[in-house]
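The values are calculated or read from the model by the stated rules, or taken from the named source; none is laboratory data. Since the structure is predicted, the reported quantities are computational estimates derived from the model, not experimental observations. Don't worry about glycine lacking a Cβ; one is built from the backbone with ideal geometry, like all the others, and counts go over all protein chains shown.
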Amino acid sequence: MIVVQLSRHEEKECAMTRISWIVSYPKSGNTWLRSMLTTYIGGAPAESLRRLQDLIPDIHPMLAEGDVPAWDDGGSALVKTHFLPDVRVLRLYREVSRKAVYIVRNPRDVLLSSLRAMHISHDDTAECRRIAEGFIAHESFFADRGRIGIGSWTESLRMWTSTDIVRDSFPDIDVLTVRYEDMRSDPAGKLTEIVEFLDLGRPIVEHDIQGAVEGSTLDRMREMEKKDKVNRKPPPLSRWAAAKNPAQQFPFIGEGRQGQSLAFMGEDIEDAFRERLRDGSEFALLAKQFGYDE
């Protein structure tokens, strides 16, 4: 876990860890941002995805292993989560959560990235359609596995980006919302904005920002993933997917594609998704607000 050292004055004012959350709905670029932050703070690219877990832990596998991020050892910690802000386990951090960076991604691309994460080939049209129909109906690809505290794409975005809602759970938190697409088009600029918001306790150095971007390309992260497969278990969703589809093997790190069509599953699926974008629902309104209404 990354711990940013406080001055003695700050230590007197804050004896407990200050948590900053790196938040997203699944398959929205959270791991990529963690890689850039790890490289920026550590001064060198991570050698494996496991290193990300060591420095900016993902709370989900920690809980699966019976552990939780510490909150009483001073300093500032960065922690990844997909949870909604009101889930019970996050109540532990009610008084120490100070910041959150929320990454939002086009729901089309979230859906298609989830197919890869679940080891579902585009050639398996029937299974792709089943997952897509569930996502279109419920804005979630977890509909057949329970909500597990993550909720839908709409619930996650609304609850983390609404000041009134998120501060019901974390009274002192500030949230920065960043579009995945903007990180892809200007990674150095967006990383600078994120680092400035997180207030990591040191001046921002442009050379370090550029090094973090170059050390965290998706190609490099896929190489890190290959190394990890030799030495550790894959991420939880990939383990579940591999057990369900043992003959299919897909990487956890994707290609970061944007604005993809669903028509390969059938024009009716593409038409149904477009209709959701026009139906006046909260999903449609949020998609339009963030530029995903095409």
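Among all positions in the stretch 82-97, there is no residue which is in a helix (DSSP H, G or I), within 17 Å of the chain's Cα centre (by Cα) and at pLDDT below 90. Step by step: first the residues of the stretch 140-172, then only those that are at pLDDT 90 or above and among the acidic types (Asp, Glu), then the one that is nearest to the chain's Cα centre (by Cα). Which residue is that? The qualifying residue nearest to the chain's Cα centre (by Cα) is 155. All of 285, 198 fail the test of being more than 22 Å from residue 31 (Cα to Cα), out of contact with any helix residue (DSSP H, G or I) (no Cβ under 7 Å at 6 or more places or on another chain), of a type in the set (A, V, I, L, M, F, W, C) and modelled with pLDDT of 95 or more, apart from 285.
Report whether or not residue 132 is small (Gly, Ala, Ser), touching a helix residue (DSSP H, G or I) at 6+ places or on another chain (Cβ under 7 Å) and farther than 27 Å from residue 36 by Cβ. Considered against the rule, which asks whether it is small (Gly, Ala, Ser), touching a helix residue (DSSP H, G or I) at 6+ places or on another chain (Cβ under 7 Å) and farther than 27 Å from residue 36 by Cβ, residue 132 comes out as yes. The set of residues from the stretch 158-185 being of a type outside the set (Gly, Ala, Ser), surrounded by 13 or more Cβ atoms within 10 Å (Cβ to Cβ) and without any contact (Cβ under 8 Å) to a residue 12 or more places away in the chain comprises 167, 182. Of the listed requirements (1) β-branched (Val, Ile, Thr); (2) touching a residue at least 60 places away in the same chain (Cβ under 8 Å); (3) out of contact with any strand residue (DSSP E or B) (no Cβ under 8 Å at 6 or more places or on another chain), residue 148 misses just one: (2).
Considering only residues in the stretch 60-81 that are assigned to a strand (DSSP E or B) and among the aliphatic types (A, V, I, L, M), the one that is farthest from residue 132 (Cα to Cα) turns out to be 77.
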